[in-house]
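Worksheet for the structure shown next.
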Amino acid sequence: MSREQIQLVQLPGKTRGIELFRITEELVSFVETEMALLPHRHDHYTCFFIESGTLYLGIDFKSVKITGPAMLVSYPGQMHHHLNALESSEIEGWILAFDPKFIHESASVAIEESFSEVILVPFSEEQKAWFSGLFELIHTEVKQADPAGNPVAGHLINGFFSKIAGLFQQQEKERILAFSSRSLEIVKTFRRLVREKYSYLKKPSEYAEIMNISVSYLNDTVKSMTGFSATGFIQQEIFRESQRLLCYTNKSIKEIAVQLGYEDYKYFIRLFSKSVGVSPSNFRKQHQ
């Protein structure tokens, strides 16, 4: 497999945009030797519903422990891989993958513009029973017909995602009650714009202009809610992507710098070293 680009995993055409299967011991053992262990991105949502047991996943550069009952949602573009299957234990649950076209935009925004990089929702026993029943129903509908031509399957996916987004938002509200709705909206919009435009917009003033607010107001709001300056927030996104490219591709440091919008690769090296605490070449050596 070429390592010029980070691997993008797509849903097989035969699934028509929805794939759902149970987690079994055979599946956990299989991923230990197959491509799922390799870091990759999806162009779709992948939800790991752990009813019981423990599963370990790598989300970007974080190790995530999912102990049931709970659900982890990986959104499109997010780097992830399965960690050593031997660390996982007696898992029962489901993996659901689906095309973003099946869900309402408001629900996807709630997940993708959240303040958490890892979308992990613990369940009560009552909530676990509710989602177990729903997954059984989705499984029945998906088996019966082509999801693209079966509106029931699509509606069930949308209903499921709206429910999980609502539960996740309740968790987040407990952490952000002290902030005004205006501040929340500014930070969410800023974060979305940075994710979309970080490769060619590097200055807070450029984002402030798009958002029609002053740079000082943007910086003060972002700083109060996240602990980072607007510049720091932009650089955090840039260097997260640069770390992915250093670890999971064979691109040269110069190629990575250019891809991320830095024609002067020596300047990129200085910024990376200052932000991450180690040079790009040493970072690559440490993580290969």
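The values are calculated or read from the model by the stated rules, or taken from the named source; none is laboratory data. Just so it is clear, the structure is predicted and the values come from calculations on it, not from any experiment. We place every Cβ from the backbone using ideal geometry, glycine too, and count neighbours over all the protein chains shown. The protein model used for the area step is the full one, side chains on, heavy atoms only, and it has no ligands, DNA or RNA in it. Shrake-Rupley method; radii C 1.70, N 1.55, O 1.52, S 1.80 Å.
If the viscosity is 0.692 mPa s and the temperature 37 °C, what Stokes-Einstein diffusion coefficient in µm²/s follows for the range 148-288 when Rh is the Kirkwood radius over Cα pairs?
D, rounded to a whole number, is 187 µm²/s.
Could you bin all the Cα-Cα distances of the range 247-288 into 5 Å bins starting at 0 and give me the percent of pairs in each, rounded to whole numbers?
5, 26, 32, 27, 9, 0
Using a 1.4 Å probe on the protein chains only, how many percent of the accessible area of the range 203-272 belongs to carbon and sulfur?
So the carbon and sulfur contribution to the accessible surface is 49 percent.
Once all Cα-Cα distances of the range 173-233 are split into 10 Å bins that start at 0, what whole-number percent is in each one?
Answer for the range 173-233: a P(r) of 23, 59, 17, 1 percent.
Ignoring ligands, DNA and RNA, what accessible area per residue does the range 172-280 give at 1.4 Å, in Å²?
On a per-residue basis, the range 172-280 sits at 52 Å².
Say the dipole of the range 228-288 comes from +1 at the beta carbon of Lys and Arg and -1 at that of Asp and Glu; which of Ser281, Phe228, Phe268 then lies farthest toward its positive end?
My answer, from the dipole projection, is Ser281.
For Lys274, list the lysines whose Cα falls under 27 Å from its own Cα; do not include residues on the same chain fewer than 8 positions away.
Lys62, Lys188, Lys197, Lys202, Lys203, Lys223, Lys251, Lys254, Lys266, Lys285
Quick one: divide the alpha-carbon radius of gyration of the range 208-288 by 2.2 N^0.38 Å and tell me what you get. Write down the numbers at each step before the final one.
Details: Rg = 14.6 Å, N = 81, 2.2 N^0.38 = 11.7 Å.
Against the compact-globule rule of thumb, the ratio is 1.25.
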